[in-house]
Amino acid sequence: MYNITVRGGVAKGCELCLLGAKSVIFITGLCPLSCFYCPVGDDRFGKDVIYVNDVPVQRLEDIPKVVAEYGSDGAAITGGDPSVVAERVKEVADLLKREFGDDFHIHMYTHILNLNSKRTGVIASSRVDEVRIHITAKEQAAGREKYLKALAATGKALGAEVPALPGFERQIAEAINAIAPYISFVNINELDASETNAERLRAMGYRIQGLNVAGSIEAARKIAEMVSVPAHICTGRTKDTVQIGTRLFRHAMVAAKPNEYVQDDGTVMYDSEGLHPRSPRARNVRLKIRLGNREVEV
């Protein structure tokens, strides 16, 4: 099961992600919240580090270079919580727009609880095109609707991005409907399981099935049926096979040498003696894949 659109179309950010055309910029691991379902690893969470497509970056000026290596048409700014470093988000958005033009699409994520007047003002004045609000209970929106209204007033696309938590379907749907006047879509994610959150998920009574939580897709469908805005469900398979797979393919196509051959799955064929792998003289053909800044034999 891949991409599921329950109602309406998909947001621009999702559209490009599904084409593998978005670079993922992990702008910081800082976030004051401790959501039990957060899958961010211990090597990143709580640490002010930056990665672009899993490549560690030390200087903001180097971000466009990594993005270009992936042939991306846009970027997703994530974390942690990007709003915690709102000024950095604004600077990175400026760098990307200057390098790739106004049509380069940028979306970002933030938890509604982490918004305040200062952060909202910086994001509103930035060149970010789309802001996705994380919210799981309508009480979280109390007193913060003004921030959503301010962001929407700038002409930015505003949506919700929520996890599909089994047992919390109605609560999450009510939260989305509480901010419906300000948003144009909701993206509902199948719940990811990782080494970081696995123990907490089991403590909540969830059963881990592969890289996701059993029953999460069903929970997503229930949430989608109860909300009043266009709804899209992003499955774990969509992320792993479609988004990441096509992004790796685009990267391989950009980075491939003349004597390498990129296959449809993003793996790269090469001959250890330097011949083209499809040459009849090639005798030692191997496969590799580029993951972040590493090359791995497969």
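The values are calculated or read from the model by the stated rules, or taken from the named source; none is laboratory data. For clarity, every value in this text was computed on a predicted model and none was experimentally measured. Positions of Cβ are generated from backbone atoms using ideal geometry, with glycine treated the same way; all protein chains shown enter the neighbour counts. With ligands, DNA and RNA removed, areas are computed over all heavy atoms of the protein, side chains included. Shrake-Rupley method; radii C 1.70, N 1.55, O 1.52, S 1.80 Å.
Only residues that are at pLDDT 75 or above, open to solvent by 20 Å² or more (accessible area, probe 1.4 Å) and within 18 Å of VAL162 (Cβ to Cβ): list them for region 222-273, please.
LYS222, GLU225, MET226, SER228, PRO230
What about GLU130, is it crowded, with 17+ Cβ neighbours inside 10 Å, at pLDDT 95 or above and within 27 Å of PHE104 (Cα to Cα)? Break it down stepwise before answering.
Details: crowded, with 17+ Cβ neighbours inside 10 Å: yes; at pLDDT 95 or above: yes; within 27 Å of PHE104 (Cα to Cα): yes.
So GLU130 passes the test.
State the number of residues belonging to region 26-56 that are open to solvent by 10 Å² or more (accessible area, probe 1.4 Å), over 25 Å from GLU15 (Cα atoms) and outside any strand (DSSP E or B).
The qualifying residues number 17.
I'm trying to understand the selection: among the residues of region 166-191, which are touching a Gly at 6+ places or on another chain (Cβ under 7 Å) and open to solvent by less than 50 Å² (accessible area, probe 1.4 Å)?
Here is the first cut: in region 166-191, the residues touching a Gly at 6+ places or on another chain (Cβ under 7 Å) are 166, 183-187, 190.
Selection gives PRO166, ILE183, PHE185, VAL186, ASN187, GLU190.
Look through region 97-123, keep the residues that are outside any helix (DSSP H, G or I) and among the aromatic types (Phe, Trp, Tyr), and return whichever of them is nearest to GLN140 (Cα to Cα).
The initial filter retains those residues of region 97-123 that are outside any helix (DSSP H, G or I), namely 101-111, 115-116.
This time we only want the ones that are among the aromatic types (Phe, Trp, Tyr), so: 104, 109.
Details: PHE104: 32, TYR109: 16 Å.
Taking the candidates together, the pick is TYR109.
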